[in-house]
1. Rounded, prolate or oblate for the range 232-524? Axes are the square roots of the Cα gyration tensor eigenvalues, ordered a ≥ b ≥ c, and the cut-off for rounded is a/c under 1.5.
2. Just how far, in whole angstrom, is the range 30-93 from the range 213-256 if you go by their alpha carbon centroids?
3. When N counts the residues of the range 35-218, how does its alpha-carbon radius of gyration compare numerically with 2.2 N^0.38 Å, as a ratio?
4. Take the alpha carbon gyration tensor of the range 279-430, find the square roots of its eigenvalues, order them as a ≥ b ≥ c, and report rounded if a/c is under 1.5; if not, report prolate when a/b exceeds b/c, else oblate.
5. In degrees between 0 and 90, to the nearest 10, how far off the longest principal axis of the chain does helix 93-102 point, with axes built from Cα atoms?
6. Specify the angular offset, from 0 to 90 degrees and rounded to the nearest 10, of the alpha carbon long axis of helix 2-25 from the longest principal axis of the alpha carbons in the chain.
7. Under the rule a/c < 1.5 gives rounded, and otherwise a/b versus b/c splits prolate from oblate, where does the range 195-288 land using the Cα gyration tensor?
8. Among 416, 162, which comes first, then next, by fewest other beta-carbon atoms within 10 Å?
């Protein structure tokens with residue numbers, strides 16, 4: 001009996017050794033194809049009724065598709081809300097390198113995964129497929145279904161904590177939310193008629209195999225010019241001295257109020273007249289400065305990161321059409337970035353990636369407008385202030401406007417010193433005359449608080465200088481904390497002209513404490529054009 005047992009054990013050991021030897025020679029022969037399914041869901045009010053994914057390129061760990069079942073040009077059809085990829089599962093750095101090198105570079109030239117929902121690079125991945133994602137989505141705005149194609153989308157699978165974990169990315173996508181925000185990706189698509197579509201997809205904080213369409217909107221044509229006013233001096237003169245209080249609710253994040261504060265503020269009305277607010281905020285505890293935006297009258301605001309890592313000091317801003325320019329300064333230089341406010345419709349904030357105005361001076365605040373010169377040529381004019389108390393210098397830049405603000409190439413045309421360091425200011429073009437006016441907002445110390453003044457100037461487009469103030473108003477704010485921490489032009493301050501020609505000057509208090517409201521004041525002209 002013992003001999004039989006010994007013989008049986010020897011046979012088993014020999015068979016195991018032979019199996020190991022065969023596996024070593026050709027492990028792929030014994031791999032297992034898996035049915036890897038990823039689920040596409042939609043947020044409340046949205047439904048995905050059909051979809052397809054056409055593969056254009058892919059990477060699979062070596063040996064995990066020995067039969068070559070996956071090919072470029074292959075079409076996957078959405079069935080029961082899922083796509084299925086038939087391939088083996090084995091993680092490798094090679095697939096991750098392939099994926100990371102393609103889906104990075106929005107916020108930083110380095111490889112950092114910021115074109116994924118996770119805003120980070122992947123470790124080992126089993127596989128990654130890139131291609132064109134086509135969906136039909138129904139919503140209240142599109143009850144018959146909106147057909148949209150998102151090019152350059154990727155589905156990838158890794159492994160974490162003994163679970164297969166999916167990734168979602170787009171070659172042109174942007175992870176715009178700050179570190180306190182959700183794991184979403186601003187994604188770009190188009191309809192069959194060529195309309196631009198913005199969408200926000202979530203992968204993270206939901207099921208490991210779930211990718212959720214959170215929001216979708218067809219973009220209106222971009223407004224790329226400033227709104228003009230018939231009589232700027234009359235509108236300025238009609239501004240009230242007393243501000244109107246508006247408490248902003250739902251201010252996001254936890255920004256240390258002892259060292260950081262609001263730097264810039266502006267109103268913004270969408271093409272449909274929906275009111276938003278935009279704020280810039282220094283954040284010393286994060287890699288990026290922040291932009292905060294959201295519906296003015298609702299109880300939720302969203303935090304977005306600026307695009308330059310370690311440039312944590314943004315400045316005063318001004319909106320032009322559907323865009324806002326945001327300066328960020330560091331040491332003795334600055335970069336000015338351009339953001340597309342239309343994407344607020346999907347709770348994201350697109351940075352115009354080809355626009356990056358680098359200057360060799362600080363920029364604590366800026367103003368922007370468009371105008372026509374004496375020969376009828378249209379230009380953008382940008383004033384960028386190097387704020388240094390009574391030694392402040394205002395640099396003026398100009399760019400041809402024929403190709404729109406996204407393609408504008410600015411060159412400096414002049415500069416002028418001024419003893420007032422306007423933390424917020426704005427440029428306004430007068431209809432008919434094409435005169436450019438500048439409104440400066442100043443908060444000198446007065447006793448135990450700040451006093452607040454608005455000044456009106458005309459910018460000479462021959463010398464690119466301003467003369468004496470044409471008018472001034474001593475503004476009085478209301479609400480917020482008392483004293484220097486309250487609502488003042490020293491913090492967020494802005495100038496905005498809406499579609500109707502209404503002029504509004506605004507200011508914020510220094511900061512909000514997490515969970516509290518933020519006091520702001522508006523001063524609006526008595527009538528619109």
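1. Because its axes are fairly even, with a/c under 1.5, the range 232-524 counts as rounded.
2. Taking the Cα centre of the range 30-93 as reference, the centre of the range 213-256 is 44 Å away.
3. Dividing the Cα radius of gyration by 2.2 N^0.38 Å gives 0.97.
4. Values: a/c = 1.71, a/b = 1.19, b/c = 1.43.
The shape class here is oblate.
5. Around 30 degrees separate the two axes.
6. Between helix and principal axis, roughly 40 degrees.
7. oblate
8. So the residues, fewest neighbours to most, are 162, 416.
Values in this text are rule-based calculations from the coordinates and carry no lab data. Since the structure is predicted, the reported quantities are computational estimates derived from the model, not experimental observations. Neighbour counts are summed over all protein chains in view; Cβ atoms, including those assigned to glycine, are modelled from backbone coordinates with ideal geometry.
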